[in-house]
Amino acid sequence: MSAFAKLHPTVSLLYFASVMSVAMFVTNPVIGLISLFGSVLFCLLLTVRGKKIKEALFYIAVMVLVTVTNPLFSHNGVTPLFFINGNPVTAEAILYGADIALMIVSVMVWCKCFTAVMTSDKLQYLLGRIVPQISLILSMALRFVPMLRRQANKLTRTQKAMGMYSSDSYAERIRSSVSSISVLIGWSLENAVETGKAMRARGYGLKKRTHYSDYRFVTQDAVILIICAVLWGTVLFGMSRGVLDFSYYPQISAIPSEGLSVICYLAYGCISLLPFVLETEEIIRWKYYRSKI
Amino acid sequence: MEILQIKDLSFKYPEAEKKALDCVNLSVRKGDFVLLCGESGCGKTTLLRLLKKEIAPFGEKTGEIIYNSVFEESDKNETSHTGFVGQNPDEQIVTDKVWHELSFGLENMGVEKSRIRSRVGEMASFFGIHNWYHSNTDELSGGQKQLLNLASVMVMNPDILLLDEPTSQLDPIAASDFIATLHKLNRETGLTVILVEHRLEEVFPVADKVITMHDGRILFFDEPKKVCKLMKGGPLEAGLPSAVRIFNALCEEGECPLTVRDGRNFIENYADKASACSIGKHTLKGEKAIEVKNLWFRYEKNLPDVITDLDFGVTEGEIVSILGGNGSGKTTMLNLLAGLDKPYKGKIKLFGKNINNYKGASLYRRNIALLAQNPKLVFQKDRVDDDFSAALKTMEIPVSEHKDLIEKTVRRFGVEQLLHRHPYDLSGGEQQKCALCKLLLTEPKILLLDEPTKGFDAQSKQTLAKMLTELKADGKTIVIVTHDVEFAAQISDRCALFFDGKIISDGTPNSFFSGNTFYTTAASRISRGVFKDTVLCEEVIRCCKGENV
């Protein structure tokens, strides 16, 4: 497990909220590039070897596609490069397309990291903090669905081996599948009654439940939570002041580079690289620790 | 000190004519391992469930159940005082993760987080769950699931543990592990255990007290060695440990042996009769019903082979049992024979014709039929007779003939009184019988049975054995995949051991089982070295008496 994945779920959630919100809502090529750089670095640490090249090709294809598509539909901009069917293809539209592509791909990569880090356990825990009942229901559903699927599969095979589904007529086959659904419903009801008994036997519904989890909020979580919050706050402040604004139409504006903008870039850079830093720190620590042995 | 006292307990289910329990008196001492046995429908499950208030059945109850315990700890109460583990491992698991399942009971009790952590951790390491603590409950084997159910009850620190046939859905190795764990719990923590079980071979030697029930009444309640003798000639005798059955047939007086070791010592007295007995069973000769050549199979491209270079043949009119450990590929082989899966290499011939040449449904029309492990899955309708008609309909038999056909089959196996019931309301043994009847309505020449005795008591096993022998006399070919060594030894013409994707040894039950040291019947282990090739209790008994088998 990566060092970042070991953090408390609340911290991980806040982290992804901060890094993805900025990437999605700020139109600024610098932010876009930082976001892509950070997400790709993080993703490389999380994914297994061997699949990387295939995935990189997919993302590059998405980027090219989006970049090319935008100028075909949007003819804004003051610098026409050439004409297709009498419609201008402008430099601004191409660059805007590239920026959107940057945003889309970086958010996609962030999402990939999100699913790798935020396992169903963690999401359940977070949900349980807000509405405890939902967490239990979700957990029971996650248990029940694969069981039902397996049961359905077994049922089909059992019936088939008795010559039930192998009829040549379609009507007969449809009739058998309908009846197998009713069998499955009967089975799930039976199962639910028994599970209900097992729950009552273990004291369900007696008292107000407590909510157990394996996660503990330690000092490191607090430190990283504060760092994230401060950095995110800085970027949000910058956004509200408009120091990160950038426009493509009708004419490409200059990249904002005043003091506060630079601070915002730095802050966002720090957030984006945070998992990478944590990971490298752990690797170095491990190397150092091992060299002592 | 008594921990549990039952005084004049009677119980009647609503709308039932007879009492399910009739004047039951019982007192259980603290720290006892109590085995409760009786034929199916004798009220043992009712009694057990009445002992736990939360799951007690509804009905008319008279009499008293008194618990003698002190709730010294604050997080202890009536619910956590008695723990209950039931028959089906899947139905008792509530959540999707092992750690969540373990903590579920304590969460319900409102125990705070740090205490849950320490209790769960302790139990997980006691039961050896720590290796799969973070797994999904869905990925566990049956044995692991049942162990998890036990652990998640033990987390609540009960004084009495009630178990209702907990090993009936497990294979024999997982079952003995489970019983060994119970024994360890009882011995090391002084936990009181009340266990309903029909796998008596393993439980008898570890139990302190045995209760036998009949028709809602307690027949005997005493130490195992004494109860053994009392059960002689009773309906439960067939389920007793082999050593006991041999002893009962030969002696009236003396101390009854319970284990294989004691049985061996007992039987040495009869060593002088050894020369007198000989065993005669021969392999059948005839046309091949099933012929399998160089079969290879795997479920997915990236997964390892499940069947590796399997060669195998079954003669017409033969009963063949295939034994082997979990995951050795036995069930997969049955699926291949039934045409549910296709091998990627090799040939399967049924009656000399390649299985791929049976087009459409013709394979399942009067040729081959597979009865899967769970008989519940066989039924589609709300009533057994409707279900049977549906089966005949798919066989394209005119409706006018249904009634006669059904009646004929049903009468033969004595299930007439079950025809109007809902399949799910039947007991495991009854379900299996009806499922077999439904299978036979399709008139297959080859029957493939997957674990047909799973969850059966000794009596149902005998009924099934009788049914199969009759079918064999009709000329049906039967292939059974089973863990049940005793059943295989009794019924088969030939037994085979499946290991590592192929059959590595086969022979008549006598030669096959006497060649194995562990994978063999208790009677064979008892009589080894004294008599030659005896594998059934009956054979040992007759040898001891000096008769030819």
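The values are calculated or read from the model by the stated rules, or taken from the named source; none is laboratory data. Only a predicted model underlies this, so the values are computations on that prediction, with no experimental measurement involved. We place every Cβ from the backbone using ideal geometry, glycine too, and count neighbours over all the protein chains shown. Ligands, DNA and RNA are stripped out before the accessible areas are found, and what is left, the full protein with its side chains, is counted by its heavy atoms. Shrake-Rupley method; radii C 1.70, N 1.55, O 1.52, S 1.80 Å.
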Point to revise | Conditions (1) touching a residue at least 12 places away in the same chain (Cβ under 8 Å); (2) closer than 28 Å to B:Leu334 by Cβ; (3) open to solvent by less than 20 Å² (accessible area, probe 1.4 Å); number of the one not met by A:Tyr125 | key: (2)
Review point. Counting residues that are of a type in the set (Ser, Thr, Tyr), which helices (runs of 4 or more DSSP H) fully inside segment A:42-150 reach at least 3?
Key: A:52-73, A:91-117
Point to revise | Residue list for segment B:368-391, restricted to those being facing chain A (nearest Cβ under 9 Å) and either assigned to a loop (DSSP other than H, G, I, E, B) or of a type in the set (Gly, Ala, Ser) (or both) | key: B:Ala369, B:Ala372, B:Gln373, B:Asn374, B:Phe379, B:Gln380, B:Lys381, B:Asp382, B:Ala390, B:Ala391
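Residues to consider are B:Ser152, B:Ser141, B:Ser80, B:Ser176; find the one that is over 24 Å from B:Gly43 (Cβ atoms) and modelled with pLDDT of 90 or more. Spell out how you get there, then give the answer.
Details: B:Ser141 fails: modelled with pLDDT of 90 or more; B:Ser80 fails: modelled with pLDDT of 90 or more; B:Ser176 fails: modelled with pLDDT of 90 or more.
Checking each option against the conditions leaves just B:Ser152.
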Review point. Does segment A:188-207 contain any residue that is in contact with a Leu (Cβ under 8 Å, 6 or more places away or on another chain) and in a helix (DSSP H, G or I)?
Key: yes
Check your understanding: What strands (runs of 3 or more DSSP E) lie completely within segment B:452-549 and have 3 or more residues being open to solvent by less than 10 Å² (accessible area, probe 1.4 Å), over 23 Å from B:Thr167 (Cα atoms) and not aromatic (Phe, Trp, Tyr)?
Key -> B:477-481
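Does A:Val131 meet the test of being surrounded by fewer than 18 Cβ atoms within 10 Å (Cβ to Cβ) and out of contact with any His (no Cβ under 9 Å at 6 or more places or on another chain)?
yes
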Point to revise | Selection within segment A:195-217 - modelled with pLDDT of 85 or more and open to solvent by 50 Å² or more (accessible area, probe 1.4 Å) | key: A:Lys197, A:Arg200, A:Tyr204, A:Arg216, A:Phe217
Point to revise | Selection from segment B:343-355 of residues that are without any contact (Cβ under 8 Å) to a residue 12 or more places away in the chain and within 14 Å of chain A (Cβ to nearest Cβ) | key: none
Check your understanding: Condition test on B:Val384, is it in contact with a Pro (Cβ under 8 Å, 6 or more places away or on another chain) and open to solvent by less than 40 Å² (accessible area, probe 1.4 Å)?
Key -> yes
Check your understanding: When you scan segment B:392-413, how many residues do you find that are within 14 Å of chain A (Cβ to nearest Cβ) and closer than 13 Å to B:Leu440 by Cβ?
Key -> 2
Practice item. Being more than 10 Å from every other protein chain (Cβ to nearest Cβ), in contact (Cβ under 8 Å) with a residue 60 or more places away in the chain and in a loop (DSSP other than H, G, I, E, B) is the filter; apply it to segment B:41-58 and report the residue that is farthest from B:Tyr13 (Cα to Cα). Key: B:Leu51
**Study point:** Condition met for A:Ile283 (in the same structural domain as A:Val109 (by TED's automatic domain parsing), β-branched (Val, Ile, Thr) and not in a helix (DSSP H, G or I))
**Key:** no
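Can you find, within segment A:134-148, the residue that is farthest from A:His211 (Cα to Cα) among those that are at the interface with chain B (Cβ under 10 Å from one of its Cβ atoms) and open to solvent by 70 Å² or more (accessible area, probe 1.4 Å)? If you could, list the steps in order and put the result at the bottom.
So in segment A:134-148, the residues at the interface with chain B (Cβ under 10 Å from one of its Cβ atoms) come out as A:135-136, A:138-147.
Checking which are open to solvent by 70 Å² or more (accessible area, probe 1.4 Å) leaves us with A:142, A:145.
On the way: A:Leu142: 18, A:Val145: 23 Å.
Step by step, filter segment A:134-148, then rank; the result is A:Val145.
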Check your understanding: Among (1) without any contact (Cβ under 8 Å) to a residue 60 or more places away in the chain; (2) more than 18 Å from A:Leu102 (Cα to Cα), where does A:Leu57 come up short?
Key -> (2)
Check your understanding: Just checking, which of A:Val89, A:Val78, A:Val66 is among the aliphatic types (A, V, I, L, M) and out of contact with any Pro (no Cβ under 8 Å at 6 or more places or on another chain)?
Key -> A:Val66
Point to revise | Count of segment A:237-256 residues which are over 19 Å from A:Pro71 (Cα atoms) and buried (at least 17 other Cβ atoms within 10 Å of the Cβ) | key: 5
Check your understanding: Among the residues of segment B:252-272, is there at least one that is in a helix (DSSP H, G or I), at pLDDT 85 or above, out of contact with any strand residue (DSSP E or B) (no Cβ under 6 Å at 6 or more places or on another chain) and of a type in the set (A, V, I, L, M)?
Key -> yes
Check your understanding: Limited to segment B:20-31, what total is found for residues that are assigned to a loop (DSSP other than H, G, I, E, B), surrounded by fewer than 19 Cβ atoms within 10 Å (Cβ to Cβ) and under 29 Å from the mean Cα position of the chain (by Cα)?
Key -> 1
Exercise for review: Mind counting the residues in segment A:86-101 that are open to solvent by less than 20 Å² (accessible area, probe 1.4 Å) and touching a Leu at 6+ places or on another chain (Cβ under 7 Å)?
Suggested key: 2
**Study point:** Members of segment B:221-251 that are basic (Lys, Arg) and not in a loop (DSSP other than H, G, I, E, B)
**Key:** B:Lys225, B:Lys226, B:Lys229, B:Arg245
Point to revise | Residue list for segment B:113-141, restricted to those being in contact with a helix residue (DSSP H, G or I) (Cβ under 7 Å, 6 or more places away or on another chain), more than 14 Å from chain A (Cβ to nearest Cβ) and assigned to a helix (DSSP H, G or I) | key: B:Trp132
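Results for (1) at pLDDT 85 or above; (2) crowded, with 21+ Cβ neighbours inside 10 Å; (3) in contact with a strand residue (DSSP E or B) (Cβ under 9 Å, 6 or more places away or on another chain), shown as yes or no for each residue.
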position	(1), (2), (3)
B:Ala390	no, no, no
B:Ile406	yes, yes, no
B:Phe413	no, no, no
B:Arg421	yes, no, no
B:Ser427	no, no, no
B:Gln431	yes, yes, no
Review point. Can you pull out the residues in segment B:191-229 that are touching a Lys or Arg at 6+ places or on another chain (Cβ under 7 Å), farther than 21 Å from B:Thr167 by Cα and open to solvent by less than 40 Å² (accessible area, probe 1.4 Å)?
Key: B:Gly216
Practice item. Give me a count of the residues in segment B:4-45 that are among the hydroxyl-bearing types (Ser, Thr, Tyr) and out of contact with any Gly (no Cβ under 8 Å at 6 or more places or on another chain). Key: 2
Check your understanding: Is it fair to say A:Tyr170 is aromatic (Phe, Trp, Tyr), open to solvent by 10 Å² or more (accessible area, probe 1.4 Å) and free of Cβ contacts under 8 Å to residues at least 24 places away in the same chain?
Key -> yes
Point to revise | Complete set of residues in segment B:300-335 that are out of contact with any strand residue (DSSP E or B) (no Cβ under 9 Å at 6 or more places or on another chain) and either closer than 20 Å to B:Glu451 by Cβ or basic (Lys, Arg) (or both) | key: B:Lys301, B:Asn326, B:Gly327
Review point. Among the residues of segment B:356-367 satisfying the criterion of being touching a residue at least 60 places away in the same chain (Cβ under 8 Å) and at the interface with chain A (Cβ under 8 Å from one of its Cβ atoms), which is surrounded by the fewest Cβ atoms within 10 Å (Cβ to Cβ)?
Key: B:Arg365
